[in-house]
1. Looking only at the stretch 395-430, count every residue that is farther than 21 Å from residue 382 by Cβ, of a type in the set (Asp, Glu), over 32 Å from the mean Cα position of the chain (by Cα) and in a loop (DSSP other than H, G, I, E, B) and tell me the total.
2. Would a scan of the stretch 262-283 turn up a residue that is of a type in the set (S, T, N, Q) and closer than 19 Å to residue 377 by Cβ?
3. Yes or no: residue 333 in a helix (DSSP H, G or I), in contact with a Ser or Thr (Cβ under 9 Å, 6 or more places away or on another chain) and surrounded by 15 or more Cβ atoms within 10 Å (Cβ to Cβ)?
4. Looking for something buried (at least 16 other Cβ atoms within 10 Å of the Cβ) and either β-branched (Val, Ile, Thr) or without any contact (Cβ under 8 Å) to a residue 24 or more places away in the chain (or both) - is there at least one such residue anywhere in the stretch 234-247?
5. Among the listed residues 141, 130, which satisfies the condition of being among the aromatic types (Phe, Trp, Tyr), at pLDDT below 85 and out of contact with any His (no Cβ under 8 Å at 6 or more places or on another chain)?
Amino acid sequence: MTRVRLLYLYIIVGIIMTISLYLSLQIYPIENTADKVIFIVTVVSIVISFFAFIIAMNTYVSIDSVNRVTQMNGSVLENEDYVTSMIGLLDEYDMADPKEARDAIFDELEKRFTKESKTALEFANNLQYFIDVIVFFPAFFTNEDRDSNVKEMKKLLNTIEKKKQSLMAISSGNLTLIEETVKLIVSVMEYQNLVSAHNYNVESSILKVRGNMLKNSVTQTVYFNYLGLYYNKKAMSLLRKSLKLENEDLLSIKGLILLNQNIDKLMEEDLELLSIYLNESKKHFQIALEKSNQDVMWEGFIRYNEARTTFYLETIFPTNEEIQWKKMMDKAIVARKKMNLIIKDTIKNNNVSFLQEHFLYQEYIARLVKFNLLLAMQEDITDTRGNVKYPVSEYKKLLEEEFIKEPYDGPFGKVRDYKVEAREYLVDWE
């Protein structure tokens, strides 16, 4: 019941009371002092009762309003079977220009959190939408518009924080899930911002997220994947600092060769901490893969991340066990290729959109990183089935390999950098 309707009710009741008092005076006129006292007492009692009625109704409406605003029944954040329609999102944001794609996503998020988040249920569903599109943001943080994209993101996060605070001010009892989801979004964006700026000493805000309270598989997958990335970047930061390789890309051929040449310089204390970070990273990637329920997109992301972490583990702490990182990287490449084939077959666009280009880049970079790792370690180049394609003695033939020979004209410079470096390395190979 709205307050406007209540106001009409109060007016009607007031009119009825006034008419009733008037009629009672006409029917039973005051003839003496006793009648006057009785009449006054009666009127006062009625007025007091009327005010009590108003207070009771206002209290009821206030409680009902709070419950309506803060109730979470039906929220997708609580739906354990929720899945993201990535093809639907790619079809929705099919712009070829990165700025147009960015503006469309930011405009949609801004509209959702400023105009369509009046209740906790709406806010929660919009937070899930943010989680769904979160995989697109690395694309916006790695192109030339990075600074303006970061500025827009900070503005959006401020809007989300204010909306969260306004809901928490009403009732915090059943909004814990919202609070933890907002923390997750903020920590992921902080991570992306720092990594895109080549700052590997990442913040620990994701450790403040109570991940066990997140309920649906998509949100849990994002949480554990980025927790794994956090520990991975802590390990990379320690490696760079300990070996004085702060300016090196440890996935480039040059950086990997320098790493391999200097591993024996690591102090015992650094080795102990590296072991903790890398094993924690690997553990959380494995949990993320389990939570993803075999989603092909997330499989591509998570297996690639786990393969990198496993490579560093097996390189810094060698054992007699079978090398695992190659199989993981191959599975990542296959998953990313599968995702791109599905996108190509499902979305019928004349031009490849910027976000489609980003998924193609993910496959491309995984293939190039595998080449880099094997070349730097001077091992045979294998295909995704584990079969030797280019033995060390035939490295020169790699110059004719599609992913090294063919020019790349996409928007992501890292691919060009790795291709140029690989060609230069192979030309000089003897």
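The values are calculated or read from the model by the stated rules, or taken from the named source; none is laboratory data. Predicted model only: the values in this text are computed from it and were never measured. Don't worry about glycine lacking a Cβ; one is built from the backbone with ideal geometry, like all the others, and counts go over all protein chains shown.
1. Within the stretch 395-430, residues that are farther than 21 Å from residue 382 by Cβ, of a type in the set (Asp, Glu), over 32 Å from the mean Cα position of the chain (by Cα) and in a loop (DSSP other than H, G, I, E, B) number 2.
2. Filtering the stretch 262-283 for residues of a type in the set (S, T, N, Q) gives 262, 275, 279, 281.
With the extra rule that they be closer than 19 Å to residue 377 by Cβ, the set shrinks to 262.
Checking the stretch 262-283: at least one residue is of a type in the set (S, T, N, Q) and closer than 19 Å to residue 377 by Cβ.
3. Details: in a helix (DSSP H, G or I): yes; in contact with a Ser or Thr (Cβ under 9 Å, 6 or more places away or on another chain): yes; surrounded by 15 or more Cβ atoms within 10 Å (Cβ to Cβ): yes.
Here the answer is yes, as residue 333 does meet what is asked.
4. Our first condition is that a residue be buried (at least 16 other Cβ atoms within 10 Å of the Cβ); within the stretch 234-247, this holds for 234-240, 242-243, 245.
After this cut, where a residue has to be either β-branched (Val, Ile, Thr) or without any contact (Cβ under 8 Å) to a residue 24 or more places away in the chain (or both) as well, the list is 243, 245.
The answer is yes, given that some residue of the stretch 234-247 is buried (at least 16 other Cβ atoms within 10 Å of the Cβ) and either β-branched (Val, Ile, Thr) or without any contact (Cβ under 8 Å) to a residue 24 or more places away in the chain (or both).
5. Values: 130 fails: at pLDDT below 85.
Selected residue: 141, the only one of 141, 130 that is among the aromatic types (Phe, Trp, Tyr), at pLDDT below 85 and out of contact with any His (no Cβ under 8 Å at 6 or more places or on another chain).
Each row is one residue, and each column tells you yes or no for (1) over 30 Å from residue 350 (Cβ atoms); (2) basic (Lys, Arg); (3) without any contact (Cβ under 8 Å) to a residue 24 or more places away in the chain; (4) not in a helix (DSSP H, G or I).
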{"residue": "95", "(1), (2), (3), (4)": "no, no, no, yes"}
{"residue": "101", "(1), (2), (3), (4)": "no, no, no, no"}
{"residue": "107", "(1), (2), (3), (4)": "no, no, yes, no"}
{"residue": "112", "(1), (2), (3), (4)": "no, yes, yes, no"}
{"residue": "132", "(1), (2), (3), (4)": "no, no, no, no"}
{"residue": "140", "(1), (2), (3), (4)": "no, no, no, no"}
{"residue": "182", "(1), (2), (3), (4)": "yes, no, no, no"}
{"residue": "191", "(1), (2), (3), (4)": "yes, no, no, no"}
